[in-house]
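What follows is calculated from the coordinates using simple rules that are stated; it is not laboratory data. Values in this document were obtained by computation on a predicted structure and should not be read as measured data. Cβ sites come from the backbone with ideal geometry, for glycine too, and all protein chains shown count toward neighbours.
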Amino acid sequence: MRRRHFVAGALGTLSGLTLGPQASRAVTGAPRASHAATPAPQAQGWQAVPAPGSISPAQLRRVCAAGPRLAWAVGQEQVGGTSGGRALAMLWNGSAWTKTDLSHLRHTRLTAVSGVCATAAWSVGLPVTSDNSPLLRWNGTTWQEAAFPGRGEPDVRLNAVAVDPDGQVWICGSRGGAARLLHGDGTRWRWLDPLPVAGATLYQAVLAPTGEVWVCGDQSNGGGWSGVVARWDGAWTVLPPVAGLRLTIADLHPDGPDDVWAVGTEAGVGGPVGRPGNPALCHWDGSAWTRLAAGFTLGSLTGVAGDAQGRAAWISGWNYQDQSSSTYLRRDSGGWTIVRGPTGPAPAPYLNDVTPVPGTTGFWSAGMTSPSPYPPTEAYTERLES
C-alpha cells in the first residue's frame, strides 16, 4: 500500500484528509508543558516575497539557501494539466526570485533541493514518462541531469537531498524495494545499506552538525502507517516508531542524538470528508517520543529549521482553523509559540518548508498562495530578515 505524502507537498491531497485524534495526546509518556506550543498570534517580521512566473496551479515544495544572495526553491506548476504538470525551479539572487528555465528537462515535479554554493547544489524529482527519479545538479545557470548508479531503473526513487559544507551529497529514497541512502561527491556514488525497516518510505534527509545523517518518513503498520526516524553514522540506528493513526513525519531537526524534534501530519481515520488531519509535533529525549500540543488541532506541520547555534528554531505549518495568515511555530525559552505571517487575502498561503539563511539570523519559507490545488494558486515565499 502506497501512503499519500500528506505533508511537505499537500497539493491535490487536502481533499482526501480526514479528522484524526487530538494532536495534544502523548505518543509515549505525558507531554511536557514546557515544550508545548502556546497560541499567541503576533507579527514577527515575516514578509511575503514575490516568486513570479509560475504557471497556475503551482507550488514550491522545498527551499534552501547558500547565503543571503543565493537560494533555490523547487516544486511543480501546471498541476492537473494534460501533461501531468511540470517541474518548477526558482533562483534567488539577493534581490528577487526568478524562474529557472527547465524546458530541456521532462519532469512532473521537483521534490527537494539542497546547496551550499553556486557549484554544489542538487535537486531530485519525478519524470513524466516513468517511475524512476532523476538527479539534477546546478551548473551555475540551470539544472542538468547527473549520472548515478541505478539511474533509469524503474524502481529507483530519490525523494530528498542534503549537501554538507564539504560538498558531500546525501540522498534518501529507495532501490530494490528498500529504503536507503545514496551518498556521493558528484563523481563517485554508492548506495548504503538498506534501512532495516520493512515498508518504510523516506521523505527527508537532514545533516547534523556532528556529521550524522538523519532521515524521516513513515512505515506500514498493518492498518495504516506510523512515523519513522533513523540516523546513519556508518550504520543505521532506528528510533522507535512515532505512533499515530496514519502519521507521517515530514521533517526533523536533531539538536543532539537524544534531543530531536520531528514534525508532520496525522491523517487519522473517519471524520467529515475534506477535513484535514492533525499537526504532529514530536520530541525524542533519548528514551521515548513525546507528542506535544501544536497550539492548533486541525492542519499540518511541514518543516523545521535550526538557528545559527544549531537549535531547532522555526516550524512551518498550516492552520485550517485560522486562515487569515500563514502559520509558524517559534521556539522560545523552553517552548513553542504560534507566530503569524503577513496578513493578506484569505485563505492564507500553505507553507511546505522553512530553512535558515547561512551567515545571517534570517529564514526563508516556501509553499503556495492558497491551500487549494486550483487556479489561481501560484508559487509563494516568505522571508524573515536578520
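Some notes on this structure:
- The chain: C-alpha gyration tensor shape, a/c 1.5 cut-off, then a/b vs b/c: rounded
- For region 199-239 versus region 142-177, the gap between their alpha-carbon centres in whole angstrom: 16 Å
- Vicinal HN-Hα couplings computed from phi for region 170-178 (Karplus, 6.51 cos²θ - 1.76 cosθ + 1.60; Hz; Gly/Pro x): 10, 10, 9, x, 8, 8, x, x, 10
- Simple spin-label estimate for ARG188 and THR98 in nanometres, 7 Å along Cα-Cβ: 3.7 nm
- A Gaussian network model of the chain, with springs between Cα atoms under 10 Å, assigns the largest mean-square fluctuation among ALA198, ALA179, ALA243 to ALA198.
- Counting 0.36 nm for each residue step from ALA308 to THR210 and taking away their Cα separation leaves a gain of 33.8 nm.
- Of all stretches in the chain that contain no trypsin sites (Lys or Arg not before Pro) in a DSSP loop with at most 10 other Cβ atoms within 10 Å, the longest one is 189-386.
- Here the Gaussian network model covers the chain, with springs between Cα atoms less than 10 Å apart; of GLY85, GLY341, GLY176, GLY176 fluctuates the most.
- Neighbour-limited loop hits for GluC sites (Glu not before Pro), region 313-386 (at most 16 other Cβ within 10 Å; DSSP other than H, G, I, E, B): GLU385
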